[in-house]
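The values are calculated or read from the model by the stated rules, or taken from the named source; none is laboratory data. Small disclaimer: the values here were computed from a predicted structure and weren't measured. Neighbour counts run over all protein chains shown; Cβ positions are idealised from the backbone, glycine included. Ligands, DNA and RNA are stripped out before the accessible areas are found, and what is left, the full protein with its side chains, is counted by its heavy atoms. Shrake-Rupley method; radii C 1.70, N 1.55, O 1.52, S 1.80 Å.
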Amino acid sequence: MDIFHDNLVLFLRKNGTPLFCSISMPIDVDVQEPKELDDLNPWFFPIPSELCSIVAGSNNDFMSSTYQLVISSPVIPDLTVDYDLRKKTFTILHQEEVTTISANLGGLGFQSNVSSIQQNMQLVKTSQNWSDLSKLFSCERVEVISHDGVSIPLVILYSWGAHCHGESPGILYGYGAYGEDLDKSWCSERLSLLSRGWVLAFADVRGGGDLSWHMAGTKANKMHSIQDFAACGRHLIKQGFVHQNRLCAIGCSAGGLLVGAVINMLPDLFSAAVLKVPFLDICNTMLDPTLPLTVLDYEEFGDPNSPDEFEAISSYSPYDNLAPDVCYPPVLVTASFNDTRVGVWEAAKWVAKVRDVACPSCSQSVILKTNMQSGHFGEGGRFTHCDETAFEYAFLMKALGLDDVAMM
């Protein structure tokens with residue numbers, strides 16, 4: 001929450017959707033009894049879509065009646081909005097410009113910036129209609145039924161014109177740890193893949209999200225996260241979003257554990273994968289309390305000093321469950337020499353073991369790329385990040401046998 005002189009602003013989540021609302025202060029009700037939120041006459045901030053990522057701006061003035069948010073989604077470039085808590089209106093201050101988009105993206109014309117969109121959005125004060133890039137891109141949220149009947153949110157993004165049903169390549173992103181949500185805000189880097197017909201999907205598996213969703217994917221329940229991710233991958237193929245031989249996966253840090261575990265369980269599901277500074281040797285790491293995060297991670301993954309919890313961890317550990325003579329997909333594994341969160345040796349050990357136990361032809365397509373200067377979050381800098389992303393995209397395209405211009 002944020003508290004101001006005349007208003008209380010609450011950050012809420014409903015069915016995985018972020019919401020903001022304000023309540024006038026002081027609260028003029030009997031507060032001796034528990035109250036429902038609706039009893040306090042809240043004003044819910046209008047937002048463009050339930051798929052939005054919402055971040056509070058700089059709201060440091062206690063006497064202010066204006067609250068600023070930065071709103072974004074896979075089809076809405078970053079939008080800065082001021083909400084007037086007294087008048088219950090809002091003003092759009094700025095929207096990120098989108099430049100250098102191919103003129104034939106998705107077979108639709110597109111201006112070099114979003115100035116027209118921004119002008120249209122000025123009309124929302126009266127019409128309450130928000131504009132976005134949905135004429136170019138489809139962005140939908142579906143519920144995928146996991147192994148135990150639980151519905152898993154899956155956000156699917158693709159270009160209306162470039163996507164080819166049943167034939168397109170795709171990437172499934174996952175994390176599922178520490179209660180963190182996948183970043184589904186606007187990212188201009190994705191345009192390179194979308195224009196080539198790729199499908200980008202974001203699986204909010206158990207282990208991320210709010211408290212109950214987080215706890216459902218921790219410790220002995222971690223296998224839920226892994227099964228959820230596999231179910232989302234199968235859904236993309238079954239529903240024709242992605243060709244069965246063109247589905248890829250990307251996982252970073254604890255997300256690398258997620259993807260690595262699914263590769264062990266279903267080596268034929270993904271045709272290629274990128275594991276970025278991945279947590280792959282969880283058993284050995286969690287048994288070493290001298291490492292910086294080991295003891296703290298007992299709450300997330302369990303304490304391996306307990307026989308039951310050790311058995312649960314070892315059942316999905318990506319390093320310990322590599323099977324001999326199995327054909328593994330092409331995998332790019334990145335590591336950072338100065339990483340204090342995930343040791344550089346985890347990626348090196350995993351790659352070495354895959355090359356040792358997998359079939360000889362598959363092991364040649366498992367690549368280790370180590371940055372000798374950076375830490376867990378990379379070197380930093382916009383151009384360095386672009387170089388890393390371009391390398392990952394190029395690896396996936398090469399692994400799938402796709403040329404640089406189109407998917408076929």
Based on the inverse mean of 1/r over its pairs of different Cα atoms, what is the Kirkwood hydrodynamic radius of region 162-221, in Å?
13.0
For M25, M397, the accessible-area ranking with a 1.4 Å probe, largest leading, is M25, M397
Specify which residue in the list P278, P46, V242 is farthest towards the positive end of the charge dipole of the chain, using unit charges on the beta carbon of Lys, Arg (+1) and Asp, Glu (-1), about the Cα centre.
V242
Cut-off 16 Å (backbone N to label point 7 Å along Cα→Cβ of V142), residues of region 168-203:
168-173, 198-203
For peptides 317-330, 274-287, 54-67, sequence by mean Cβ density within 10 Å, most packed first:
274-287, 317-330, 54-67
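Using the Kirkwood radius over Cα pairs, work out the Stokes-Einstein diffusion coefficient for the chain at 10 °C and 1.306 mPa s, in µm²/s as a whole number. All intermediate terms of the calculation are to be shown ahead of the outcome.
Numbers: Rh = 23.0 Å.
In µm²/s, the coefficient rounds to 69.
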Between H5 and E180, what is 0.36 nm times their sequence separation minus the Cα-Cα distance? Round to one decimal in nm.
59.9 nm
Between S49 and D288, what is 0.36 nm times their sequence separation minus the Cα-Cα distance? Round to one decimal in nm.
81.5 nm
Per-residue HN-Hα couplings for region 277-287 [Karplus 6.51, -1.76, 1.60; θ = phi - 60°; Hz; x = Gly/Pro]:
5, x, 8, 10, 9, 5, 4, 5, 5, 6, 8
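Given Cβ point charges of +1 (Lys, Arg) and -1 (Asp, Glu) and nothing else, what value in debye, to the nearest 20, does the dipole of region 137-400 about its Cα centre take? Before the final figure, lay out the partial values.
Numbers: 18 positive and 30 negative charges, 198 e Å.
Its charge dipole is roughly 940 debye.
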Can you list the residues, at least 5 places off or on another chain, whose amide H is less than 5 Å from the amide H of H376, using H built in the peptide plane?
T340, R341
Solvent-accessible area, 1.4 Å probe, carbon plus sulfur percent, for the chain
52
So for the pair E311, T389, with labels modelled 7 Å out along Cα→Cβ, what separation do we get in nm?
4.5
Note to self: C-alpha centroids of region 55-103 and region 210-279 sit apart, in Å, by 33
Charge dipole of the chain built from unit charges on the beta carbon (Lys, Arg +1; Asp, Glu -1), centred at mean Cα; most positive-end Cα among L257, Y178, P34 is L257
Of the residues F202, C359, M223, the Cα lying farthest along the dipole of the chain towards its positive end, which is defined by charges on the beta carbon of Lys, Arg, Asp and Glu, belongs to C359
Rounded to the nearest 5, the percent of antiparallel DSSP beta bridges in region 137-400 equals 35
Helix-only [θ]222 nm of the chain, DSSP H runs n ≥ 4, -39500 (n - 2.57) each, per residue, nearest 500:
-7000 deg cm²/dmol
Grab the beta carbon distance between E299 and F377, set R0 = 25 Å, and tell me the FRET efficiency rounded to 0.05.
0.70
For region 137-400, the count of lysine pairs 8 or more apart or interchain whose alpha-carbon atoms are under 17 Å apart comes to 5
Roughly how big is region 1-108's charge dipole about its Cα centre, with Cβ charges of +1 (Lys, Arg) and -1 (Asp, Glu), in debye to the nearest 20?
260
Find how much the distance from V357 to Q239 grows on full extension, using 0.36 nm per residue of separation minus their present alpha carbon separation; answer in nm with one decimal.
39.1 nm
Anisotropy class of region 245-398 from Cα gyration tensor, a/c 1.5 cut
oblate
How far apart, in nm, are two points set 7 Å out from the Cα along the Cα-to-Cβ line at C164 and at E97?
3.5
